[in-house]
Amino acid sequence: MIRIQQEPFDVSHEYDVLVGETGSIGAVVSFVGRVRDLADEQVCGLTLEHYPGMTESVLAELVDDAMIRWSLEGVSVIHRTGYLGRGEDIVLVMTASAHRHAAFESCDYIMDHLKTRAPFWKKEHTQEEVCWVAAKELDDKAVSRWRDK
Amino acid sequence: MSLTHINHRGEAHMVDVGDKSVTSRSATATGFITMQPNTLQLLVDGALPKGDVLATARIAGIQAAKRTSDLIPLCHPLPLTHVSIDMDIDMTKGGIHVMATCRTDGKTGVEMEALTAVSATCLTLFDMCKAVDRRMVIGDIRVNEKTGGKSGSWSREDTVAPGNAVPEEKEDAAGSSMSTALLCVRFFGEARDHARAGMLDINIEAVEPLTVAGLKACLIARGDFDPSRLQAGRLMVAVNQKMTSEDHLLSPGDEVAFFPPVTGG
C-alpha cells in the first residue's frame with residue numbers, strides 16, 4: 001500500500017491494516033522518519049513538496065523491487081507532504097515477512113532508495129530563514145551498497 | 001509562391017539549375033519508428049534473426065541518400081559530400097529516433113536526400129525486425145533544418161509562428177487528441193524558484209536540437225529558467241515522469257520536469 005497525504009498517520013493502525021488476518025507473517029519492521037533539529041539550530045518545521053504521479057510510480061517500483069529481492073508478505077509506504085512541524089512524522093515504511101531478516105533489509109532498502117529516487121523536496125524553516133534542503137552524498141553512498149548485494 | 005516543379009502549362013518538369021550558384025548546402029531530417037518493448041530489447045541485445053540491425057539500417061540510409069534522384073522523378077542527381085545517420089533507441093517512447101544529415105557543394109538543396117535517407121533507414125529497421133514485430137509504425141518524417149542556397153538557412157524553430165502552425169500529424173497509430181506540437185515543462189523544488197512559472201508549454205518548433213539539453217538552452221535563452229542560480233549542484237530531469245539524462249530525445253506531447261536532487265524521507 002502506497003499513500004501520499006498531508007494528514008498524520010497512525011503507526012499502530014497501519015500495523016493492523018498491514019498484518020490483518022495473515023497468519024504467515026512472523027516479522028514486521030517499521031521505520032518512521034521525523035522532522036528534527038539541525039546540528040546547530042532548532043528547526044521550526046519543514047515544507048515538503050512532491051511530483052504527483054511520478055512519486056507514486058517511483059514508490060510502486062521500489063516496492064516491486066523489494067518484493068523481488070525478498071520474500072515479503074506485505075509493504076506499506078506512507079509519505080506526508082505540505083507543512084510539517086518540529087517532531088512530526090514525515091514517512092512510514094513498514095515491511096512484513098515470515099522471518100526478520102527479510103523485513104529488516106527490505107525496509108532499509110526501500111528507505112535508501114526512497115531518499116535518492118522518489119521526487120520529494122524539503123524546505124527547512126528555522127527562526128532565521130527558510131531554505132531548500134541539499135541532497136546528501138551519504139544517501140548516494142547508502143543506496144550504492146545495494147548494487148553489490 | 002508557386003510550385004517550381006510545375007511549368008507554365010501545368011506540367012511536371014525538372015527545374016533548370018544551370019544558372020544557380022554552387023554553395024555549400026546541408027539538410028537534416030528526422031523520423032521515428034515505433035516498436036514493441038520486446039523488439040527493442042532484442043535489438044539492443046543483438047538477438048534478432050537478421051543480425052546487426054542498426055549497422056545495416058545505417059548503410060541502407062547512406063545508400064538511399066546517394067540514389068535519391070533515381071527514386072524521386074524530378075530530383076536532380078548531385079554529388080553528396082557527406083551523409084550521416086544517427087539512431088537513438090528510446091525505451092520510454094518505445095521506438096527508435098532516426099536522424100539523417102546530408103551535405104553537398106552544389107546547385108540544389110539536399111533535403112530530399114536527407115528525407116530519403118531517413119525513410120530507407122526506417123524501412124530497413126522494419127525489414128530487420130518484422131519477423132518478431134508486425135505492429136511497428138514508421139512516422140513523423142520531416143525536414144528539421146537546411147542551410148545554403150538562395151533561401152539561406154532554414155529551421156523549423158524560426159519559421160512556425162504560434163497560431164500559424166501547420167497542424168501536426170497524429171503522433172502514432174493510437175493518436176492522442178491532445179495538442180502534439182507542445183512540450184509540457186515543469187519545475188519542482190528549488191528549480192521552480194528560478195523559473196518563470198511552475199508549468200510552461202513550449203512549442204516544439206522552438207527547440208533545436210529536440211533533446212532535453214536543447215530544451216534547457218531554449219528555456220534559458222527565453223528567460224524562462226535560470227539554472228545558474230541553483231544552490232543545488234546538480235539539475236535532474238525526468239521525461240514523462242521517468243528520470244533520464246540531457247541527451248534524451250524529445251517527442252511532441254512529452255512532459256519534461258527539471259528539479260534538484262531529491263530530498264524526501
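For the stretch A:100-107, putting each phi into the Karplus relation 6.51 cos²θ - 1.76 cosθ + 1.60 with θ = phi - 60° gives couplings of 5, 4, 4, 5, 4, 5, 5, 5 Hz, in residue order, rounded to whole numbers and with x for Gly and Pro.
Here chain B is assigned +1 on the Cβ of each Lys and Arg and -1 on the Cβ of each Asp and Glu. Its dipole about the Cα centre then comes out at about 220 debye. Short-range pairs are left out: with C-alpha atoms under 8 Å and at least six residues apart, the relative contact order of the stretch B:182-259 is 42 percent.
Structural descriptor for chain B: relative contact order 19 percent, calculated from alpha carbon pairs under 8 angstrom and at least 6 residues apart.
Would you mind checking the pairs A:136/B:242; B:50/B:242; A:141/B:216 and listing those with alpha carbons more than 24 angstrom apart? Long pairs (Cα-Cα over 24 Å): B:50/B:242; A:141/B:216.
Each 10 Å bin from zero holds the following percent of Cα-Cα pairs in the stretch A:76-149: 16, 40, 32, 10, 2.
Working from label points 7 Å from Cα in the Cα-to-Cβ sense, the residue A:136 to residue A:61 distance is 2.4 nm. Taking Cα pairs under 8 Å and at least six residues apart, what relative contact order does chain A come out at, in percent? Relative contact order comes out at 33 percent.
Of the residues A:71, A:106, A:97, the one that moves most in a GNM of chain A with alpha-carbon contacts below 10 Å is A:71. Which one, B:108, B:218, A:48, projects farthest toward the positive side of the charge dipole computed for the protein assembly as shown from Cβ point charges (K/R +1, D/E -1)? Final value for the positive-end residue is B:108.
A simple spin-label model places pseudo-atoms 7 Å from Cα toward Cβ; at residue A:101 and residue B:19 they are separated by 8.8 nm. Here the Karplus curve 6.51 cos²θ - 1.76 cosθ + 1.60, taken at θ = phi - 60°, turns the phi angles of the stretch B:238-254 into couplings of 10, 10, 6, 6, 10, 4, 8, 10, 5, 8, 4, 7, 9, 10, x, x, 5 Hz, with x standing for Gly and Pro.
Couplings 3J(HN,Hα) of the stretch A:66-77, computed from phi: 5, 5, 6, 6, 10, 8, 10, 9, x, 9, 10, 10 Hz, in residue order, whole Hz [Karplus 6.51 cos²θ - 1.76 cosθ + 1.60, θ = phi - 60°; x for Gly and Pro].
Taking amide hydrogens as placed 1.01 Å from N in the peptide plane, the amide H of residue B:207 sits under 5 Å from that of no residue at least 5 positions away in sequence or on another chain. Separation of the stretch B:195-238 from the stretch A:15-40 is 40 Å, based on Cα centroids. For residue B:44, the shell of other residues with beta-carbons less than 13 Å away shows a net charge of -4, using +1 for Lys and Arg and -1 for Asp and Glu. Classification of chain B by its C-alpha gyration tensor yields an oblate form. The axis ratio a/c (a ≥ b ≥ c) is 1.5 or more, and b/c is at least a/b. Extension gain, residue B:70 to residue B:127, is 18.4 nm, computed as 0.36 nm per intervening residue step minus the present C-alpha separation. When +1 charges are put on Lys and Arg Cβ atoms and -1 charges on Asp and Glu Cβ atoms, the dipole computed for the protein assembly as shown relative to its Cα centre reaches about 1120 debye. Inter-label distance, residue B:92 to residue A:17: 3.1 nm, where each label sits 7 Å from its Cα along the C-beta direction.
Amide H to amide H, with H built 1.01 Å from N, residue A:120 comes under 5 Å of B:263, B:264, counting only residues 5 or more places away or on other chains. Give the range of the longest stretch in chain A that excludes all GluC sites (Glu not before Pro) found in loop regions by DSSP and having at most 10 other beta-carbon atoms within 10 Å. Maximal segment without exposed cleavage sites: A:22-127. The alpha carbon gyration tensor of the stretch B:193-251 gives principal lengths a ≥ b ≥ c with a/c of 1.5 or higher and a/b no greater than b/c, which makes the shape oblate.
Readers should treat all values here as calculations from the given coordinates under stated rules, not as data from a laboratory. Quick caveat, the model's predicted, so the values are computed rather than measured. Using ideal geometry, Cβ is built from the backbone for each residue, glycine included, and neighbour counts are taken over all protein chains shown.
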